[in-house]
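Encoded as structure tokens, the structure appears first; notes follow it.
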Amino acid sequence: MKSYPRSERLEGHIQKILAEMLVKEISDPRLFLVAVTGVKLTPDKKVATVFFSATGDETREKQALAGFKSAYGFIKRTLAQNLGLKYMPDIRFEVDKSIKYGQKIEEIFKNIKNSDSDSNS
């Protein structure tokens, strides 16, 4: 069995707890249909960047970011209780652009495929 560095385990644990909080404990409508897609700790483990995805457009993403900022104290306090760390990292929230980037690439491939089919007929 492969052992994972402590920071990777901690990132996964933060992601799991935060995802459960979104479903069970946080009732802010701005965070409805928001998914935590990843967590990245700085090497010194003082800052945790939480990446999230929100269904909809940029306005929806901005609303979700505002919802996270509004719930910041509750989120940090709950994470601190569950993680049991000597020092709780500062939390930053950031929209995960990789999903939209992947969708854009997929759309480009579809367009290429369609243009190839059209030129072959």
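Throughout, read-outs are computed from the coordinates displayed, never taken from laboratory work. This is a predicted model, so every value here is computed, not measured. Note that we place each Cβ from the backbone using ideal geometry, even for glycine, and neighbour counts take in every protein chain shown.
Modelled spin-label separation between R77 and L33, with each label point placed 7 Å from Cα along the Cα-to-Cβ direction: 3.0 nm. The dipole here belongs to region 6-120: it is taken about the Cα centre, uses +1 on the Cβ of Lys and Arg and -1 on the Cβ of Asp and Glu, and is about 580 debye. Scalar couplings 3J(HN,Hα) for region 23-35, obtained by applying the Karplus form with A = 6.51, B = -1.76, C = 1.60 to θ = phi - 60°, are 7, 9, 10, 9, 10, 5, x, 5, 9, 6, 6, 10, 10 Hz; x denotes Gly and Pro. Count Lys and Arg as plus one, Asp and Glu as minus one, and take only other residues whose Cβ is under 12 Å from that of L41; the net charge is then +2.
I'd like the FRET efficiency for T59 and K24, computed as 1/(1 + (r/R0)^6) with the beta carbon distance as r and R0 of 30 Å, rounded to 0.05. Given R0 = 30 Å and the Cβ-Cβ separation, E is 0.70. Close amide-amide hydrogen proximity is noted between T37 and F51, F52, S53, each under 5 Å apart and 5 or more residues distant or on a separate chain (H modeled in the peptide plane; Pro and chain starts excluded).
For the pairs K46/K110; K76/K110; K16/K113; K62/K113; K16/K97, flag any whose C-alpha to C-alpha distance is greater than 32 Å. From K46/K110; K76/K110; K16/K113; K62/K113; K16/K97, over 32 Å: K46/K110; K76/K110; K16/K113; K62/K113. When the P(r) of the chain is calculated, the portion above 17 Å amounts to 62% of the C-alpha pairs. Taking every DSSP helix (H) stretch of at least 4 residues in the chain, weighting each as -39,500 (n - 2.57) and dividing the sum by the residue count yields a mean residue ellipticity at 222 nm of -18500 deg cm²/dmol. Peptides 36-42, 7-13, 47-53 ranked from most to least packed give 47-53, 36-42, 7-13, packing being the mean of other C-beta atoms within 10 angstrom over each peptide's residues. Where both bridge residues fall in the chain, DSSP classifies roughly 55% of the beta bridges as antiparallel. Loop-located trypsin sites (Lys or Arg not before Pro) in region 65-109 (DSSP state other than H, G, I, E, B) with a sparse environment of at most 15 neighbouring Cβ atoms within 10 Å: K86, K97. Electrostatic tally near E107: other residues with Cβ closer than 11 Å to its Cβ, Lys and Arg +1, Asp and Glu -1, net +3.
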